[in-house]
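Undergrad: Sharing a structure below in structure tokens format, with a few things to ask.
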Amino acid sequence: MINIAIVGAGVWGDTHAAIYKEHPQANPVAVCDKNVNRAKAIAAKYGIEAVYADVEKMLSAGGFDAVSIVTPDHLHADIAVACANAGKHMLIEKPIATTHTDVLRIVQASRRNGVRVMVDLHNRWSPPFAAARAAVENGELGTLRHGYFRLNDIQWVATDMLSWSAQSSILWFLGSHSLDTLQWLFGDEVVRVYSVSSRGVLDAVNVPAPDTYLTTLEFRNGGVAQMENSWITPNGNLCINDIKCAITGDKGAIAIDASSHNLIQQYTQDKAFVPDILVRNQIHGRVKGFAYESIRSFIDCLVADKPFIVSMEDAARATIAILAILESAEKRQPVDVVYDF
Ligand SMILES: NC(=O)c1ccc[n+]([C@@H]2O[C@H](COP(=O)([O-])OP(=O)(O)OC[C@H]3O[C@@H](n4cnc5c(N)ncnc54)[C@H](O)[C@@H]3O)[C@@H](O)[C@H]2O)c1
């Protein structure tokens, strides 16, 4: 049994609590949020005993083996280093961190303390992407030559859902998934990036953040891919995400449309939408989607002492490549990616 604490009781902290509550080998024992009322609400919803407003106090009290870090994108590192120093294994939400210094701090503290870290780059559990990866592994596509991944959000995510979108970026929030997925599908690492960005739509509604990044990636072994990440898909889109991916090898290709699939659409008098049947859905009251699968896998791998499906190093690679993308978009020049952790 893994006793677990959750730090960050927002939208996604609730997702972590839901799966720990139903996992037979997980026992959520503490929840911490600097907004203590949020922590209390999740504790009451899932029957979690201990509530904290301060991570250090929670770590001093102890009573758990692992911690889920579910704070905003730019606020993972201090908590992760404190948890590592307290000897706790961690599931850190994506991205692992948003600065080079913070990546190194987390990697070094975890290695120094011998704790295990998974990062929740959960697109690896998405059924069409898992099928694509299996086809690549089986040699059905041959060697991958080029790829394309569009992973966009409707504007509402930046304007209403996240209170901290201007301190993050669509590259951190969704680009981390695109980059990790492409590196995983190609079985290779990105060594050079060239990105352009545009802004104005979010600025006009008082969210000072770029709208869109269009990025070309070069892999070490010669593959190339393009990545589109935007926060300005109109709110009328059928789905919160706009997800399209295509990969082409020398023997075959795969095309994925994970948002506008034809499995189900729902209509009211004034709108049409695609109900979530893949990510965070429930069937007969049981949590089912791939967002839950990744968290479930964290517990399974801890219990079985197996390697995580997303390692700390995978996530560090994604952050370091995204930092190069930000630099490239700023300079309007290609940038080499150097992995130094
Ligand atoms: N895996 C996914 O695809 C996925 C999906 C959604 C969100 N996320 C990630 O989850 C993280 C949280 O996102 P969210 O939407 O739940 O955000 P949120 O704003 O709803 O919740 C974050 C919570 O963290 C708390 N917090 C901030 N600093 C803290 C601190 N020092 N100590 C304790 N609590 C603190 C805030 O008070 C807030 O309640 C982000 O990194 C986000 O990218 C991942």
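Undergrad: Please calculate how many Å² of accessible area region 1-92 carries per residue, with a 1.4 Å probe and no DNA, RNA or ligand atoms counted.
TA: About 40 Å² of surface per residue is accessible.
Undergrad: Return the lysines within reach of Lys40: Cα separation strictly under 29 angstrom, same-chain partners fewer than 8 residues apart disregarded; answer none if there are no such residues.
TA: Partners found: Lys21, Lys57, Lys88, Lys94, Lys288.
Undergrad: By how many degrees, 0 to 90 and rounded to 10, does the Cα axis of helix 11-22 deviate from the longest principal axis of the chain?
TA: Between helix and principal axis, roughly 60 degrees.
Undergrad: Ignoring ligands and nucleic acids, what accessible area does Trp172 show with a 1.4 Å probe (Å², nearest 10)?
TA: Only protein atoms counted, so the area is about 10 Å².
Undergrad: Non-local amide H neighbours of Thr233 (under 5 Å, H modeled in plane, Pro and chain starts lacking H): which ones?
TA: Here the answer is Asp153, Gln155, since their amide H atoms fall under 5 Å of that of Thr233.
Undergrad: Could you state how much accessible area Val196 has, in square angstrom rounded to the nearest 10, with a 1.4 Å probe and all protein chains kept in place?
TA: Accessible area of Val196: about 60 Å².
Undergrad: Project the alpha carbons of region 212-272 onto their principal axes and report the range along each, largest first, in whole Å.
TA: Projected onto its principal axes, the Cα set of region 212-272 covers 51, 28, 9 Å.
Undergrad: What base-10 log of the normalised intensity I(q)/I(0) is obtained for region 1-65 from the Debye formula, alpha carbons as equal point scatterers, at q = 0.17, 0.18, 0.21 Å⁻¹?
TA: Reported log10 I(q)/I(0), two decimals: -0.47, -0.53, -0.73.
Undergrad: Direction-averaged shadow area of the convex hull around the Cα atoms of the chain, nm²?
TA: Working: hull surface 70.5 nm².
Averaging across all directions leaves 17.6 nm² for the Cα convex hull.
Undergrad: Could you report the accessible area of Met227 in Å², rounded to 10, computed with a 1.4 Å probe on the protein chains as they sit in the structure?
TA: Estimated to the nearest 10 Å², Met227 gives 0 Å².
Undergrad: ³J(HN,Hα) across region 99-111 via Karplus (A = 6.51, B = -1.76, C = 1.60, θ = phi - 60°), whole Hz, x for Gly/Pro?
TA: Each residue's phi maps through the Karplus curve to give 9, 5, 4, 5, 4, 5, 4, 5, 4, 5, 5, 5, 5 Hz.
Undergrad: Then there is this: Tell me the angle of helix 290-304 to the major Cα principal axis of the chain, expressed in degrees between 0 and 90 and rounded to the nearest ten.
TA: Approximately 60 degrees, to the nearest ten.
Undergrad: Residue by residue through region 51-59, which ³J(HN,Hα) values in whole Hz follow from phi under the Karplus form 6.51 cos²θ - 1.76 cosθ + 1.60 (θ = phi - 60°), with glycine and proline marked x?
TA: 3J(HN,Hα) across region 51-59, in whole Hz: 10, 9, 10, 9, 5, 4, 5, 5, 5.
Undergrad: Angle check, please: helix 176-186 long axis (alpha carbons) against the longest principal axis of the chain (alpha carbons), in degrees 0 to 90, nearest 10.
TA: 60
Undergrad: Quick one: ranking His146, His122, His89, His100 by accessible area, 1.4 Å probe, largest first, what do you get? Intermediate values should be presented prior to the final figure.
TA: Working: His146 90, His122 20, His89 50, His100 70 Å².
Listed by decreasing accessible area, they come as His146, His100, His89, His122.
Undergrad: Can you tell me the relative contact order of region 249-321? Whole percent, Cα pairs under 8 Å, sequence separation 6 or more. Walk me through the numbers before you get to the answer.
TA: Values: 38 pairs, mean separation 9.4, N = 73.
Relative contact order here is 13 percent.
Undergrad: Then there's this: Could you compute the net charge surrounding Ser195? Neighbours are other residues with a C-beta less than 15 Å from the C-beta of Ser195; K and R count +1, D and E count -1.
TA: Numbers: positive: Arg150, Arg192, Arg199, Lys331, Arg332; negative: Asp211, Glu218, Glu228, Glu327, Glu330, Asp336.
Residues close to Ser195 contribute a combined charge of -1.
Undergrad: For Asp14, Asp153, Asp160, give me the order by solvent-accessible area with a 1.4 Å probe, most accessible first, ignoring ligands, DNA and RNA.
TA: Numbers: Asp14 30, Asp153 5, Asp160 105 Å².
Descending order: Asp160, Asp14, Asp153.
Undergrad: Could you order the peptides 203-210, 318-325, 38-45 from most to least packed, using the average number of other C-beta atoms within 10 Å per residue? Spell out each step's value before the answer.
TA: Values: 203-210: 13.5, 318-325: 24.9, 38-45: 18.2.
Ranking the peptides 203-210, 318-325, 38-45 by packing returns 318-325, 38-45, 203-210.
Undergrad: Please report the carbon-and-sulfur percent of the accessible area for region 2-119; probe 1.4 Å, protein heavy atoms only, DNA, RNA and ligands left out.
TA: Using a 1.4 Å probe with all protein chains present, region 2-119 comes out at 50 percent carbon and sulfur.
Undergrad: Once you wrap a convex hull around the alpha carbon atoms of region 25-136, what is its projected area averaged over all directions, in nm²? Please list the in-between numbers first.
TA: Details: hull surface 34.5 nm².
Its average projected convex-hull area is 8.6 nm².
Undergrad: Right, here's the next one. Count charges around Gly236 for me, please; just the other residues with Cβ under 13 Å from its Cβ, Lys/Arg as +1, Asp/Glu as -1.
TA: Residues near Gly236 contribute -1 overall.
The values are calculated or read from the model by the stated rules, or taken from the named source; none is laboratory data. Quick caveat, the model's predicted, so the values are computed rather than measured. With ideal geometry, Cβ positions are generated from the backbone for all residues, glycine too; neighbour counts draw on all protein chains shown. Areas reflect the complete protein model, heavy atoms only, side chains present, ligands, DNA and RNA absent. Shrake-Rupley method; radii C 1.70, N 1.55, O 1.52, S 1.80 Å.
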